[in-house]
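Novice: My structure is below; once you've seen it, I'll send some questions.
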Amino acid sequence: MIQLVLAIETSCDDTSVAIVRHDGQVLSCISANQDLAHAPFGGIVPEIACRNHTFHLLPLVQQALQKASLTMKDLQGIVVTNRPGLIGSLIVGVITAKTLAQSLQIPILGVNHLEGHLLAPFLQDAQYAPPADFQYPYLGLAVSGGHTSLYHIHKFGQYEVLGRSVDDAAGEAFDKFAKMLGLGFPGGVQVDQLSTQGNPGAFSFPRSMIQEENYLMSFSGLKSSAQRLLQSMSAEEIQAQKMDLSASFQEAIVDVLIHKLDRAVQKTGLRRAIVTGGVSANSRLRQKAQQWAAQNKVQLVVPPLRYCTDNAAMIGYAGICRMNSLHQVDSMSLAPSPRSLPGDFQERGLI
Ligand code: KG4
Ligand code: ZN
């Protein structure tokens, strides 16, 4: 059995390296954030992301080893996100992982980034441990700047996509709204902060597809509706009402997410769920999800933010489980893919 792997995550703009044990214990997880590099452009610039990965990655490998008081010789495997993501960013991670595995003569495995997000509730460290009785099967709501999907996690390795956003991801909607308000990038957290002082019922924003008898979501109509509203207001009005605007916009997103999660609980009968991804940092989403879980007797796990945003620990755990329980390893022909591969997820029931 493989006891310890080094994991690399470079699928988007965060560079992350972790050392993870077979039981989910994270010995170290160190990430470099690139927000400042992308902020002047108001969004992630793929070329800048991959160039920064090349600068950050090897120093992070050294730091992760040091923090765990280990050397390269202690590593028994290398796990890397090889799909889905920005191709230039993935290439940096995969080539570095292959070079390390080749030179150390240890196995390598490429894993799906989204599988990592779904397994985040099993990660633990010196400060955090998940509820001991949390187990498969469960529902997973993964909400970030790049994805907004609802999954039925049947067991390790078997993931069914129940539904997803048909257009913008929820985080993307937060960021675009923040940009309209002139709050900078990424703006989700600023919208969250302003909302704490605003009235969520002040403006009526659409909750597209909320009543549809499926798990599909849509946030682009919400974005256009906000744009039209802001265009009809003067700069002074927007400034004076930005708290109410933020709180109302945020409420529309949170309502849709909780509604679809609730529908999944009612239809599947599952009473365990996780909320993960960068948007799970949203204080209103956390608050409403906890209230909903308590009312519906659902065991809800929202992992600490360090394991919800993009991180290598979740990738390492997914990989070491695959190596140990499914005996999977890749060859040196492992390649990055911008998309998930056939078989990664079941899509039964999706329209
Ligand atoms: O998972 P993540 O770090 O990166 C990926 O997109 O994969 O998620 C980042 C997203 C951004 O869209 C950011 O605005 C959003 O998460 N976000 C938030 C909050 N914190 C981060 N959105 C709403 N409220 C927050 N507190
Ligand atoms: Zn992600």
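Novice: If you take the residues of the stretch 215-240 that are touching a Leu at 6+ places or on another chain (Cβ under 9 Å) and part of a loop (DSSP other than H, G, I, E, B), which of them is farthest from Gly171 (Cα to Cα)?
Specialist: Checked the stretch 215-240; the qualifying residue farthest from Gly171 (Cα to Cα) is Met233.
Novice: State yes or no: is Leu222 modelled with pLDDT of 95 or more, away from ligand 1 (no atom under 14 Å from the Cβ) and crowded, with 20+ Cβ neighbours inside 10 Å?
Specialist: no
Novice: Here's a follow-up. Among the residues that make up the stretch 195-214, is at least one of them under 18 Å from the mean Cα position of the chain (by Cα) and away from ligand 1 (no atom under 14 Å from the Cβ)?
Specialist: No: zero hits.
Novice: Do you know which of the residues in the stretch 187-202 that are open to solvent by less than 40 Å² (accessible area, probe 1.4 Å) and in contact (Cβ under 8 Å) with a residue 40 or more places away in the chain is nearest to ligand 2 (Cβ to nearest atom)?
Specialist: Gly188
Novice: Related question: Filter the stretch 241-280 down to the residues that are open to solvent by 40 Å² or more (accessible area, probe 1.4 Å) and part of a loop (DSSP other than H, G, I, E, B), then identify the one that is farthest from ligand 2 (Cβ to nearest atom).
Specialist: Applying the filter and picking the extreme gives Gly269.
Novice: Phe55 passes all but one of (1) touching a residue at least 24 places away in the same chain (Cβ under 8 Å); (2) farther than 27 Å from Phe174 by Cβ; which number fails?
Specialist: Unmet for Phe55, out of (1) touching a residue at least 24 places away in the same chain (Cβ under 8 Å); (2) farther than 27 Å from Phe174 by Cβ: (1).
Novice: Looking at Ile238, Ile351, can you tell me which residue is more than 15 Å from ligand 2 (Cβ to nearest atom), among the hydrophobic types (A, V, I, L, M, F, W, C) and modelled with pLDDT under 95?
Specialist: Ile351
Novice: Ok, one more. For Pro206, all conditions in the list (1) buried (at least 20 other Cβ atoms within 10 Å of the Cβ); (2) at pLDDT 95 or above; (3) part of a loop (DSSP other than H, G, I, E, B) hold save one; what is the number of the exception?
Specialist: (1)
Novice: With the condition kept exactly as written, say whether any residue in the stretch 297-307 is in a helix (DSSP H, G or I), more than 12 Å from ligand 1 (Cβ to nearest atom) and surrounded by fewer than 22 Cβ atoms within 10 Å (Cβ to Cβ). Can you show your working first?
Specialist: Step one: of the stretch 297-307, the residues in a helix (DSSP H, G or I) are 305-307.
Narrowing the set further to residues that are more than 12 Å from ligand 1 (Cβ to nearest atom) leaves none.
The answer is no; no qualifying residue exists.
Novice: Something else now. Among all residue pairs at least 6 apart or on different chains, which show Cβ distances below 6 Å where the first residue, located in the stretch 320-331, is without any contact (Cβ under 8 Å) to a residue 40 or more places away in the chain and over 20 Å from Ala18 (Cα atoms) and the second is acidic (Asp, Glu) and open to solvent by 60 Å² or more (accessible area, probe 1.4 Å)?
Specialist: none
The values are calculated or read from the model by the stated rules, or taken from the named source; none is laboratory data. Keep in mind it's a predicted model, so treat the numbers as computed, not measured. Virtual Cβ from ideal backbone geometry, glycine too; neighbours counted across all protein chains shown. Ligands, DNA and RNA are stripped out before the accessible areas are found, and what is left, the full protein with its side chains, is counted by its heavy atoms. Shrake-Rupley method; radii C 1.70, N 1.55, O 1.52, S 1.80 Å.
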